[in-house]
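Comments concern the structure below.
The values are calculated or read from the model by the stated rules, or taken from the named source; none is laboratory data. The structure presented is a predicted model; accordingly, all values stated were derived computationally and were not measured. All Cβ positions, even for glycine, are placed from backbone atoms using ideal geometry, and neighbour counts span all protein chains on display. Please note that ligands, DNA and RNA were not included when accessible areas were found on the heavy atoms of the full protein model with its side chains. Shrake-Rupley method; radii C 1.70, N 1.55, O 1.52, S 1.80 Å.
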Amino acid sequence: MTAMRNVPFFEYPRLWSDDKENLLKIIDEVSSTGGFILQQAVLDFEKKLADYTTSKYSVGVGNATDAMEIYLEAIGINPNDEIIISSHTMLATASAIKVSGGIPVPVDIGDDNLICPEAIEDAISENTVGIMPTQLNGRTCNMDKINEIALKNNLFIIEDAAQALGSKFKDRHAGTFGLASCISFFPAKVLGCLGDAGGVLTQDEELFHKIYQIHDHGRDVDGEVKRWGRNSRIDNIQAAILLDKFKTYDKVILRRREIAQMYQDQLQSVEQIKLPPAPNSNPDHFDVFQNYEFEAENRNDLKEFLSQNGIGTLVQWGGKGVHQFKNLGFNQHLPKTEEFFKKCIMIPMNVFISNSDVEYICDKIIQFYN
Ligand SMILES: *Cc1c(COP(=O)(O)O)cnc(C)c1O
């Protein structure tokens with residue numbers, strides 16, 4: 001028997017304690033200049049975010065949900081406009097569409113647990129205006145198929161890439177496939193700050209200006225008011241922290257992929273679980289492993305067993321797909337998504353865990369099924 005360990009699902013305090021001196025210095029630097037809002041750190045961060053994702057434009061905003069609401073407003077959604085989303089996503093994807101006046105239409109997942117292209121085609125109606133795939137768990141959907149459907153039916157694509165900074169499909173970055181996309185910098189995201197923050201990416205100059213205006217009281221980059229807007233700006237302190245974190249971000253991705261490979265190697269022979277694709281299993285996909293989520297038989301018992309052994313796990317979003325939030329008016333049956341949510345579980349996936357933590361987690365999962 002291995003000794004008991006404590007492996008929390010995500011240790012939020014370590015975002016601070018592991019890097020405290022450096023973070024204090026950054027906060028001091030920004031604060032000393034008095035440049036808290038829309039100053040140099042934000043400009044530098046937006047440039048970095050755009051360059052990193054090979055996007056033409058980026059705008060730092062309050063959070064990724066705001067990002068989606070803002071680009072939907074910029075695109076212009078009419079009442080009854082339907083936008084097709086995966087039911088396997090955060091409710092935020094749907095709520096952003098709702099808030100912007102449109103109708104979110106959740107559809108089922110495919111074998112990869114991401115939005116199913118055939119299900120998209122089945123859901124297209126005369127009111128459909130767009131598709132909003134979620135690049136979930138740090139994996140980008142097969143965008144060839146989704147692009148084809150969008151082109152054929154004259155629909156726009158917008159992405160929820162909140163979880164997918166650095167993820168690629170056929171060497172193209174998540175967030176660069178459609179009109180616009182969002183990235184989240186929520187603390188537990190692959191690139192997390194010390195609070196809420198988000199980014200919008202777009203390749204379109206006109207849309208960029210609209211998005212910029214909406215996020216800052218209608219003012220454009222030159223300060224002139226061009227339309228009605230709101231306030232959803234990224235703080236300079238968070239921008240400066242994220243800029244600093246970008247320096248090591250490729251290493252973070254590498255480490256996450258290394259952990260995913262260790263999980264793969266040690267758990268692939270467990271028949272009762274279905275793992276996500278291994279990091280190098282398909283050259284079309286470069287995954288950043290925002291989460292390590294798999295399907296497990298006896299999921300609830302496994303979760304309890306791991307918890308008794310000091311291992312934190314998460315059943316995402318309360319164990320429900322978007323269409324299962326009946327209180328919000330959904331009345332649909334999406335069998336694959338519902339089946340998935342009965343079995344899914346996430347085990348720790350972050351740079352705070354050690355190789356021996358990974359081994360311990362795998363040992364306990366194997367022990368549970370023996
Ligand atoms: C985290 C997340 C969001 C929301 O991001 P916030 O920055 O917290 O608003 C939206 N969609 C997905 C898929 C997410 O994981």
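Rundown of residues vs (1) over 19 Å from the mean Cα position of the chain (by Cα); (2) open to solvent by less than 30 Å² (accessible area, probe 1.4 Å); (3) modelled with pLDDT under 95, yes/no style:
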| site | (1), (2), (3) |
| --- | --- |
| 243 | no, no, no |
| 255 | no, no, no |
| 263 | yes, yes, no |
| 306 | yes, yes, no |
| 313 | no, yes, no |
key: Unique match (being away from the ligand (no atom under 12 Å from the Cβ), modelled with pLDDT of 95 or more and crowded, with 22+ Cβ neighbours inside 10 Å) among 247, 210, 170   = 210
message = Considering only residues that are of a type in the set (Gly, Ala, Ser) and not in a loop (DSSP other than H, G, I, E, B), which ones fall in the stretch 328-370?
response = 356
task = Residue by residue through the stretch 81-135, note down the ones that are more than 14 Å from the ligand (Cβ to nearest atom), small (Gly, Ala, Ser) and part of a helix (DSSP H, G or I).
result = 119, 123
query = within 16 Å of the ligand (Cβ to nearest atom) and touching a Phe, Trp or Tyr at 6+ places or on another chain (Cβ under 7 Å), is that true of residue 188?
reply = yes
message = For the structure I just gave you, tell me whether residue 29 is of a type in the set (Asp, Glu), open to solvent by less than 50 Å² (accessible area, probe 1.4 Å), touching a residue at least 40 places away in the same chain (Cβ under 8 Å) and closer than 27 Å to residue 238 by Cβ.
response = no
remark   = Checked the stretch 217-241 for anything outside any loop (DSSP other than H, G, I, E, B), buried (at least 21 other Cβ atoms within 10 Å of the Cβ) and not polar (S, T, N, Q); matches are 235, 237, 239, 240, 241
message = Within the stretch 136-154, take every residue that is more than 11 Å from the ligand (Cβ to nearest atom) and touching a residue at least 60 places away in the same chain (Cβ under 8 Å) and give me the one that is surrounded by the fewest Cβ atoms within 10 Å (Cβ to Cβ).
response = 142
query = Hey, residue 89 hits all of (1) under 23 Å from residue 142 (Cβ atoms); (2) out of contact with any Gly (no Cβ under 9 Å at 6 or more places or on another chain) but one; which does it fall short on?
reply = (2)
inquiry  = Quick check on the stretch 252-262. Is at least one of its residues free of Cβ contacts under 8 Å to residues at least 24 places away in the same chain, out of contact with any Leu (no Cβ under 9 Å at 6 or more places or on another chain) and under 25 Å from residue 199 (Cβ atoms)?
reply    = yes
key: Selection status of residue 56, free of Cβ contacts under 8 Å to residues at least 12 places away in the same chain, open to solvent by 50 Å² or more (accessible area, probe 1.4 Å), away from the ligand (no atom under 16 Å from the Cβ) and not polar (S, T, N, Q)   = no
